[in-house]
Amino acid sequence: MKKEFGIFLLLAVLCAVTAAINPKFISAVNLTNIANLIGLFGIFSIGLGLVIITGGIDLSVGSMFALSGVLLSLALTSWHWPWPVAAAAAILVPMLLGWCHGWLISRLKIQPFIITLCGLLVYRGLARFIAQDNTMGFGSAEGFETLRDITKGKLFGLPMPFVILLVIAAIMWFVLHRSVFGRYLLAVGRNEEATRFSGINTRRVIATSYVIAGLLTGISGILLAFYTNSISPSNHGNFYELYGIAAAVLGGCSLRGGEGSIIGILIGTALLQVLQNLVNLLGIPSSLNFAVMGAVVFIGVLADHLVQLRSAQRAVRI
Amino acid sequence: MSAAPLLEVRGISKRFPGVIALDNVALEISEGEVVALVGENGAGKSTLMKILGGVYQPDGGEILVGGQPAKIHNVTDAMRLGIAFIHQELNVLGNLDVAANVFLGREPVMTPFKLIDRKKIHADTEPYLKRLGLNVSSSTRVDQLSIAQQQMVEIAKALSLNARLIIMDEPTSSLTLSETERLLELVRELSKQGVSVIYISHRLGEIQSCADRVIVLRDGKNAGALAKEEIFHDRLVSMMVGREIKNFYTQSTAAKTPGYFKVRNARSIRFPDQAVSFDAARGEILGFAGLVGAGRSELAKAIVGLDPSGSSDLNLGEEKISIRHPRDAIERGIYLVPENRRTEGLVVQMSVRENVTLPSLKNFTRLGWIQRKRERKTVEEQIVSLRIKTPTTEAAVMNLSGGNQQKIVLGKWLAMNPKVMILDEPTRGIDVGAKAEIYRLMRELAERNTVILMISSDMEEILHVSDRVAVMHEGEISGILDRADCTEENIMQLAVGKKISAAKAPFSS
Ligand SMILES: Nc1ncnc2c1ncn2[C@@H]1O[C@H](COP(=O)(O)OP(=O)(O)OP(=O)(O)O)[C@@H](O)[C@H]1O
Ligand SMILES: [Mg+2]
């Protein structure tokens, strides 16, 4: 909890500073927009966070967005599938790919970095091939207005992606912090062998984490496709896995595995989105966008590291 | 007597690339029996136990449980048959709390969502901690515990399985005197309750005190068994190593220079308010005894500058030296061989050769190129002199038995030429034959005028190897005993902080 508090403080300070400099920050329109983006990014970041907690990584998220986005557009506009079927397919494809990753990683012991790097290349290529490098869209959403309206709609004044994120986060909080499976995730991430010696099927635990990541990527993918409304297969979702990794790490996940929390990932995601917004609102050249983000992630991680060193020393003293 | 033994294994064989770890091995154990399994490092003890625990599959042979053939394909199978296994290496998870570790894989859940019943898991854990005399809360994160306490958590976990057979692979190697006593008592209790125990240890004293029977392995084969009345030190040793070991403990003959190494006001991060001072003589082995948490390792770290907030004033001969950083200590010829050698002393993925020469690689180079031949020759000499059991110099250290890994690290340090050598638990997990070799090397170093400080929790070692013994209690030296006054009784008294008349002051000013 202490760990999340530090980054929460950073978030609060950033918000306060931005609001002070540019009051537009707290306008309803801007806040709704930020909430929408936090929803979009938060959902798949949670999935990535789980994978990171097992000591793995998933670099293929962005390419999966492109692939599932292209397929979704085709299914709805060209093949005229009923929208529930198309949406289910757009979720199932990433889940299936996640399952493949998990299987290869846990059975054949290939490093997650390599498997998902291959995924990053392959899915992007497939997406471009299927779309023949054409930008895809949803036109006037004829026949699937319901789906579009759900993704762009509001509930209690909150944008739908944000509401979905809250629901998913609540569920995943119980899964990670209260359920047996969540405990095994943490255990596997710290020491797979020791966990296996306790009679736990560690392969299944690891593979499942990739399937869940796929599921959440699929859900995010649909929301993202309707958010951008046009999917250019060569750059749709580019770098998004890195936002997810950055959010998870800022939120206290360790790339070595075994550490992390849902609340932390949420705050990490929010921090990144607020930063983006800040760059826009404060008139910082948008070319500096990545540099600002990189610097903040660095500062966040460094500060956390120093705090931990301190408390470790204090712990020994007692 | 008529009933089938609880567990029987026959003709078990297991080979690894380049090694036959087990060759036609048999073992049986009845209900409530305590069988000690002994043998040199690499004899195959852990491998045999891992087969019983479902970690490895045997290449041949059969396992009978209660007279019925049993197949143990994985850890779960073993647990189902009532076999609990405390591994030689610690297998606790530092990122979880004590209760989560004890019940890992068997968490009590609340329906319908399989959420962990947190009240129950903690309530269920407490009695086991009490029974072991482990004075920590079940909600403490395990990485906050000392190594000894972590080991006790592992033992609690095995107890909580309510197993019929508990395998303990060197459970006491990281425990100190009082905890070892507690564990031995526990083993006796368990056996009274009808639980069988297979107990692996290199400390023969422990075996004499708890075993009903000893089974000896040598080079992966059965080398004999001894009944309780036949368990004698010499007999065990010669069965294990296949030869007599003479002069197990070599006595000091060299003249000593008292007060050569003076430590004054050493403060460690753990006991910042205790200033420790003592003198050690050139040419002597000064043993450091004490209970867990007495601050011995911390003192050592403060002396060599490994403790950033520690401090001490040192005098080496006439020279006053100040140490801010471990580098300063190494430059002055003051070395510490740390306690946690597996993590602090080895690159386990690398080969035996690469590990042995890592700190001294410069000696094997010409113009920056490594002279492989010379390097290999030195390593081969080390392997012979320490009796390291490895198929070749190129085997990955990871695949050696626990004790052989220790020997490699130790050999690496002993080959250097120190003025002061601090050894923290030098023979943890090392077999008797190699122990004799290490004691000989230590003695040789001392004769060559090195000051040796030996921190040890092995009572026999403290009693027989040291020239004098410093006993620590809660961060202080509670007294120093001359060789003539070194008795278990005296050491235990000082270790719990009692005053005794035989104890000398740690230094003369
Ligand atoms: N996974 C493995 N791969 C290759 N060789 C192995 C492996 N595990 C064990 N060995 C070899 O098998 C032999 C027996 O090892 P084992 O660990 O059973 O010895 P041990 O009797 O437990 O020794 P110690 O007292 O040092 O713990 C050793 O020669 C070791 O190098
Ligand atoms: Mg062993």
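The values are calculated or read from the model by the stated rules, or taken from the named source; none is laboratory data. This structure is a prediction, so every number in the text was calculated from the model and none was measured. Here the Cβ is made from the backbone with ideal geometry for all residues, glycine too, and neighbour counts use every protein chain on show.
I'd like the full set of residues that are within 16 Å of ligand 1 (Cβ to nearest atom) and of a type in the set (S, T, N, Q), limited to the stretch B:201-231.
B:SER201, B:ASN222
Would you mention how many residues in the stretch A:180-192 are within 7 Å of chain B (Cβ to nearest Cβ) and of a type in the set (Asp, Glu)?
Of the residues in the stretch A:180-192, 0 are within 7 Å of chain B (Cβ to nearest Cβ) and of a type in the set (Asp, Glu).
Name the residue that is nearest to ligand 2 (Cβ to nearest atom), counting only residues in the stretch B:184-206 that are aliphatic (A, V, I, L, M) and over 15 Å from the mean Cα position of the chain (by Cα).
Within the stretch B:184-206, the match that is nearest to ligand 2 (Cβ to nearest atom) is B:ILE198.
Going through the stretch B:175-200 one residue at a time, which ones are farther than 13 Å from B:ILE86 by Cα and either within 16 Å of ligand 1 (Cβ to nearest atom) or assigned to a loop (DSSP other than H, G, I, E, B) (or both)?
B:LEU175, B:THR176, B:GLN193, B:GLY194, B:VAL195
How about the stretch B:396-413: which of its residues are within 16 Å of ligand 2 (Cβ to nearest atom) and surrounded by fewer than 20 Cβ atoms within 10 Å (Cβ to Cβ)?
B:MET398, B:ASN399
Mind listing whichever residues of the stretch A:250-269 are over 20 Å from A:CYS15 (Cα atoms) and assigned to a helix (DSSP H, G or I)?
Matches in the stretch A:250-269: A:ILE262 only.
Just checking, which of B:SER351, B:SER385, B:SER311 is more than 16 Å from ligand 2 (Cβ to nearest atom), closer than 26 Å to B:ALA280 by Cα and surrounded by fewer than 21 Cβ atoms within 10 Å (Cβ to Cβ)?
B:SER311
Tell me yes or no: at least one residue of the stretch A:129-141 is more than 21 Å from the chain's Cα centre (by Cα), within 14 Å of another protein chain (Cβ to nearest Cβ) and crowded, with 22+ Cβ neighbours inside 10 Å.
Checked the stretch A:129-141: no residue is more than 21 Å from the chain's Cα centre (by Cα), within 14 Å of another protein chain (Cβ to nearest Cβ) and crowded, with 22+ Cβ neighbours inside 10 Å.
For the stretch A:60-83, enumerate the residues that are of a type outside the set (Ser, Thr, Tyr), surrounded by fewer than 23 Cβ atoms within 10 Å (Cβ to Cβ) and out of contact with any Leu (no Cβ under 8 Å at 6 or more places or on another chain).
A:LEU74, A:ALA75, A:TRP79, A:HIS80, A:TRP81, A:PRO82
Within the stretch B:114-132, is even one residue under 29 Å from B:SER201 (Cβ atoms) and at the interface with another protein chain (Cβ under 10 Å from one of its Cβ atoms)?
No, there is no match, as no residue in the stretch B:114-132 is under 29 Å from B:SER201 (Cβ atoms) and at the interface with another protein chain (Cβ under 10 Å from one of its Cβ atoms).
Got a sec? Which helices (runs of 4 or more DSSP H) wholly within the stretch B:1-112 have at least 1 residues that are more than 16 Å from ligand 2 (Cβ to nearest atom)?
Output list reads B:75-80, B:98-102.
Here's a check for you: in the stretch B:30-74, which residue that is among the basic types (Lys, Arg) and within 13 Å of ligand 1 (Cβ to nearest atom) is surrounded by the most Cβ atoms within 10 Å (Cβ to Cβ)?
Step by step, filter the stretch B:30-74, then rank; the result is B:LYS45.
Which residues, taken from the stretch B:203-214, are over 23 Å from B:LEU7 (Cβ atoms) and either at pLDDT 95 or above or assigned to a loop (DSSP other than H, G, I, E, B) (or both)?
Correct list: B:ARG203 only.
Contact list please: Cβ distance under 6 Å, first residue in the stretch B:165-188 and within 14 Å of chain A (Cβ to nearest Cβ) and in contact (Cβ under 8 Å) with a residue 12 or more places away in the chain, second residue within 13 Å of ligand 1 (Cβ to nearest atom) and in a loop (DSSP other than H, G, I, E, B), pairs at least six apart or on different chains.
Pairs found: B:ASP169/B:HIS87; B:ASP169/B:GLN88.
Give me the pairs: first residue in the stretch B:46-62 and free of Cβ contacts under 8 Å to residues at least 60 places away in the same chain and assigned by TED's automatic domain parsing to the domain that holds B:LYS14, second residue within 12 Å of ligand 1 (Cβ to nearest atom) and in a helix (DSSP H, G or I), beta-carbon distance under 8 Å, and six or more apart or on different chains, which are they?
From residues that are free of Cβ contacts under 8 Å to residues at least 60 places away in the same chain and assigned by TED's automatic domain parsing to the domain that holds B:LYS14, the pairs are B:TYR56/B:THR47; B:TYR56/B:LYS50; B:GLN57/B:ILE51; B:PRO58/B:ILE51.
Looking at A:PHE144, A:PHE156, A:PHE226, can you tell me which residue is aromatic (Phe, Trp, Tyr) and either without any contact (Cβ under 8 Å) to a residue 12 or more places away in the chain or within 11 Å of chain B (Cβ to nearest Cβ) (or both)?
Testing whether each residue is aromatic (Phe, Trp, Tyr) and either without any contact (Cβ under 8 Å) to a residue 12 or more places away in the chain or within 11 Å of chain B (Cβ to nearest Cβ) (or both) leaves just A:PHE156.
Is at least one residue of the stretch A:24-41 surrounded by fewer than 24 Cβ atoms within 10 Å (Cβ to Cβ) and of a type in the set (D, E, K, R)?
yes
Condition first: over 18 Å from B:SER401 (Cβ atoms) and of a type in the set (D, E, K, R). Now tell me which residues in the stretch B:185-207 satisfy that.
B:GLU185, B:ARG188, B:GLU189, B:LYS192, B:GLU206
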